[in-house]
Each structure stands twice: as structure tokens, then as C-alpha cells.
Amino acid sequence: MSTSCPPYAPFLGFAGVASAVIFSTLGAAYGTSKAGIGISGMGTLRPDLIMKSLIPVVMAGIIAVYGLVVSVLIIGGLSPDDPYSLYAGFIHLAAGLSCGLTGLAAGHAIGIVGDACARAYMFQSRIFVAMVLMLIFAEVIGLYGLIVALILNTRAGEGACY
């Protein structure tokens, strides 16, 4: 056993996997539920607008896919047969946290914007374009985390066991 590859190093990688999935899914679930409440409230009075108002729900679901992609990539770097360095463990933890926490923030923003804009859309149809723009900027927060996680994951193989 070397100091650069301790037996607990894979724990950090698995914590990165869990962080990516758990936090991004929490963000997606919150965004879906919060936007869904607004859409349901709007749909009782204006059922003709429901289909156009489902955009926040779809965008919130995409956040969970980001976490799934990162977790699958991290799992690809974990093997019980190969040595796993502490460096790779910290890289994978950072990748999981960057994707998961930005997914949580993006889902929160999508939920709030989706709820408020669905209710406003019931009274003023011109809010639709503004809603889509706000949702795009909220979604891109999660996309930034995905990009950082992908870049980090490419660096995980640089750690060697001595």
C-alpha cells in the first residue's frame, strides 16, 4: 500500500458518483414539483395553456440527466482490479460535487421561474418569451457544472500510484 493510493481512495470516487446523482436529482425534483404546482394552478383556469407551460418541467428533468452522465463517467474510472489514486478520488469527488450542486441550484431556479411564469402566463401571453429566456439561463447553470465535471474527469487518470 502506497501513500498515493490508500485503500480509502475509492470512497472519494463513490462519493463523487453519489453527489452527482443525488444533488442533481434533488434539483430536478424540486424544479419539477415547484413548476408543476404553478402549471396545475394555471391549468384549472386556462387548460388550453398547459402544453406550452410544460417547458420548465422538461428543463428540470434534463438536470437529472447531467448528474447521470457524470456518475456513469466516474464509475467508468473505478475498478476493483486497478489501483486507484488519492488524486483520482479527489478529482472524481470534485466532479460529482460540481455537477450535483450546480444541478441543485439550476433546478431550484427553474422551479421558481417556472412556477411564477406559468401563473403569469395565464394573464399575459407575452411573458412566454421572457419565461423561456429565464429558463435557459437557469438551465445553463447546470450545464456549466457538467462542463467543469467533464473537464475534471479527463484529469483523473493523471494520478499514479507509487
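For the stretch 141-162, residues that are in a helix (DSSP H, G or I) and either surrounded by 13 or more Cβ atoms within 10 Å (Cβ to Cβ) or touching a strand residue (DSSP E or B) at 6+ places or on another chain (Cβ under 9 Å) (or both) total 13.
Out of the stretch 1-50, which residues are more than 22 Å from A106 (Cβ to Cβ), of a type outside the set (G, A, S) and either open to solvent by less than 50 Å² (accessible area, probe 1.4 Å) or not in a loop (DSSP other than H, G, I, E, B) (or both)? Result: C5, P6, P10, F11, L12, F14, M42, T44, L45, P47, D48, L49. Being touching a Phe, Trp or Tyr at 6+ places or on another chain (Cβ under 6 Å) and within 17 Å of P10 (Cβ to Cβ) is the requirement here; does G159 meet it? Criteria met by G159.
Taking the listed residues I110, I62, I55, the one that is open to solvent by 60 Å² or more (accessible area, probe 1.4 Å) and either in contact (Cβ under 8 Å) with a residue 12 or more places away in the chain or not in a helix (DSSP H, G or I) (or both) is I62, with no other qualifying. For the stretch 117-140, the candidate set comprises residues that are open to solvent by 60 Å² or more (accessible area, probe 1.4 Å) and assigned to a helix (DSSP H, G or I); within that set, the residue that is nearest to T3 (Cα to Cα) is F137. Among the residues of the stretch 81-97, those that are in a helix (DSSP H, G or I) and surrounded by fewer than 24 Cβ atoms within 10 Å (Cβ to Cβ) comprise L86, Y87, F90, L93, A94, L97.
The values are calculated or read from the model by the stated rules, or taken from the named source; none is laboratory data. Because the structure is a prediction, the values reported are computed rather than measured. Counting neighbours? That spans all protein chains shown, and the Cβs are built from the backbone with ideal geometry, glycine included. The accessibility values were calculated without ligands, DNA or RNA, using every heavy atom of the protein model including side chains. Shrake-Rupley method; radii C 1.70, N 1.55, O 1.52, S 1.80 Å.
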